[in-house]
Amino acid sequence: MTLDLNANLYAALRAAFPADLDGIAVETDEGLFYTWRDLERASAMMAHLFAALGVPPGARILAQVDKSVEAMMLYLAALRGGYVFVPLNNAYQRAELEYFIADAEPAVVVCTRANAGWIEPMVGAVSASTGWPAPHLFTLDADRSGSLLEQAAQCSDEHAVVMRTADDWASIIYTSGTTGRSKGAMLTHGNLLDNARVLKDYWGWRSPEQGGDVLIHALPIFHVHGLFVAIHGALLNGSKMIWLARFDPRTVIARMPEATVFMGVPTLYVRMLAESTLERAATGTMRLFISGSAPLLLETFETWRERTGHTILERYGMSETIMLSSNPYDRAQGERRGGTVGFALPGVQLRVRDKQGRDCAVGEIGDIQVCGPSVFAGYWRMPEKTREAFTADGYFKTGDVGQIDALGYLTIVGRSKDLIISGGLNVYPAEVEGDINALDGVAESAVVGVPHADFGEVGVAIVVAQRGVALDGEAILSTLRQRLAHFKVPKRCFIVTELPRNTMGKVQKALLREQHKDLFWSL
């Protein structure tokens, strides 16, 4: 490897900017326009400000801010300055934020103006109790004196991208922490750049000479999906983004005639299907719809194809690995199959193994393990957790359970922690959910395991009815008894109006388990 080659991710993104830097890079839902030159200059000025404050490369920059183009500029500034970007969900409350700040020990904290009043004393208290230097605190508001933008505006807009190797950390993404403390997944410049380049080719991003692509960006940017997959894809292709501060189904549908690519979680597709304006004419210019971050119901997959003429491309990834597999974009590689997440991406080695560490046969369910250039460097300050997360031969244990069919398509059955062991027999919730979801009148379902004095664990089904449909839980269980082995049938079935989800659309099964944990324990 050439020693003077800069592996900083920003250097690669910047090299892909169009020659005309005054062209539009981002258009917002508020009618604001940002050029490629704006992205270059603003990120340079922020990086200069951090350097002037004495923040050394490798230091953490923690951000809990609203989605905005300026927030994306902050991320780019962190990259080009050689810092480690730590994005946090805006839904995190004080106790959670206190943990993240104490754990990450950032040199800079950027927050919203509304939260600055209580974050400032909290940061000071955490610093005093841990002994690390208090971080610089900024808000990301253009109209407030002393804000990050106001101070950065006084700095030079010319900045030499800081040298980084492929193994230097670029970001720490905290996992959702459904059990125990949240873990910070350390992703390197090499991890992020390799995955972005693979997806650029695999998903057929079109160059300007091929007509170009325009991305509708309606995802949050504190997560791998919106921050890395979407933003890197557009920037590395020199593609314009239509930037929505938050998802609104009518707005997305209205902007589709101006765009070609959309990335979303399954909930977003369900909400757009509820709009009468979603029809083939509205999606006529669209090239690609991508779904991920949560399972896409087969009904949603098929209804979308019927309504729009487009087949959603479902893919699979996680915070620790970015994208791992994808249904094919090119029909020559195969069809896009609903209910699956396709094939391992180029460069990714993916296997399914049983509890004895043996490779599973075709169609056999087992633990999904992966290795490849996008797999993270480990968990921040958790060496023991890092060691536990990898096999002896270097494969990352995803914690997901799945199977590979004869054609090589991977299907995710569920999380290993969601596995229900009832009377010594394994019950995979996704299998049971599939049968429930196929019943007339069912919109979606979740099956979780709860303690039972006799069986150790039993399943409980939580079911959402389609609009205007009345469901009976006992009737659902009666039907399942005719279709499934008795040990797989949940012991109780509750009908609810909606399932609890996090901001990325994933059903929060930990909350459901907690709600029903005492249901059978006294029996």
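The values are calculated or read from the model by the stated rules, or taken from the named source; none is laboratory data. Everything quoted here is computed from the prediction, not taken from an experiment. FYI the Cβ positions are ideal-geometry reconstructions off the backbone, even for glycines, and counts take in every protein chain you see. Quick note on the areas: whole protein, heavy atoms, side chains included, nothing else; ligands and nucleic acids left out. Shrake-Rupley method; radii C 1.70, N 1.55, O 1.52, S 1.80 Å.
At-a-glance table
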{"quantity": "Every pair of residues 6+ apart whose Cβ atoms lie under 8 Å, when the first sits in segment 173-195 and is open to solvent by less than 20 Å² (accessible area, probe 1.4 Å) while the second is in a strand (DSSP E or B) and at pLDDT below 95", "calculated": "182/174; 184/174; 185/174"}
{"quantity": "Selection within segment 60-84 - open to solvent by 10 Å² or more (accessible area, probe 1.4 Å) and not in a helix (DSSP H, G or I)", "calculated": "60, 65, 66, 67, 68"}
{"quantity": "Options 284, 347, 357; residue that is without any contact (Cβ under 8 Å) to a residue 60 or more places away in the chain, over 19 Å from the mean Cα position of the chain (by Cα) and on the phi > 0 side of the Ramachandran plot", "calculated": "357"}
{"quantity": "Which listed residue, of 483, 467, is modelled with pLDDT under 95, in contact with an Asp or Glu (Cβ under 8 Å, 6 or more places away or on another chain), part of a loop (DSSP other than H, G, I, E, B) and exposed (fewer than 15 other Cβ atoms within 10 Å of the Cβ)", "calculated": "483"}
{"quantity": "Unique residue being among the aliphatic types (A, V, I, L, M) and either part of a strand (DSSP E or B) or open to solvent by 30 Å² or more (accessible area, probe 1.4 Å) (or both) when the list is 375, 352", "calculated": "352"}
{"quantity": "Some residue of segment 106-113 being assigned to a helix (DSSP H, G or I) and surrounded by fewer than 22 Cβ atoms within 10 Å (Cβ to Cβ)", "calculated": "yes"}
{"quantity": "Some residue of segment 334-342 being at positive phi, touching a residue at least 40 places away in the same chain (Cβ under 8 Å) and surrounded by 20 or more Cβ atoms within 10 Å (Cβ to Cβ)", "calculated": "yes"}
{"quantity": "Only one of 52, 15 that is open to solvent by 20 Å² or more (accessible area, probe 1.4 Å) and free of Cβ contacts under 8 Å to residues at least 40 places away in the same chain", "calculated": "15"}
{"quantity": "Residues of segment 382-414 classified as in contact with a helix residue (DSSP H, G or I) (Cβ under 8 Å, 6 or more places away or on another chain) and open to solvent by 30 Å² or more (accessible area, probe 1.4 Å), total", "calculated": "2"}
{"quantity": "Per-region count, segment 32-43, residues over 26 Å from residue 223 (Cβ atoms), open to solvent by less than 30 Å² (accessible area, probe 1.4 Å) and outside any strand (DSSP E or B)", "calculated": "0"}
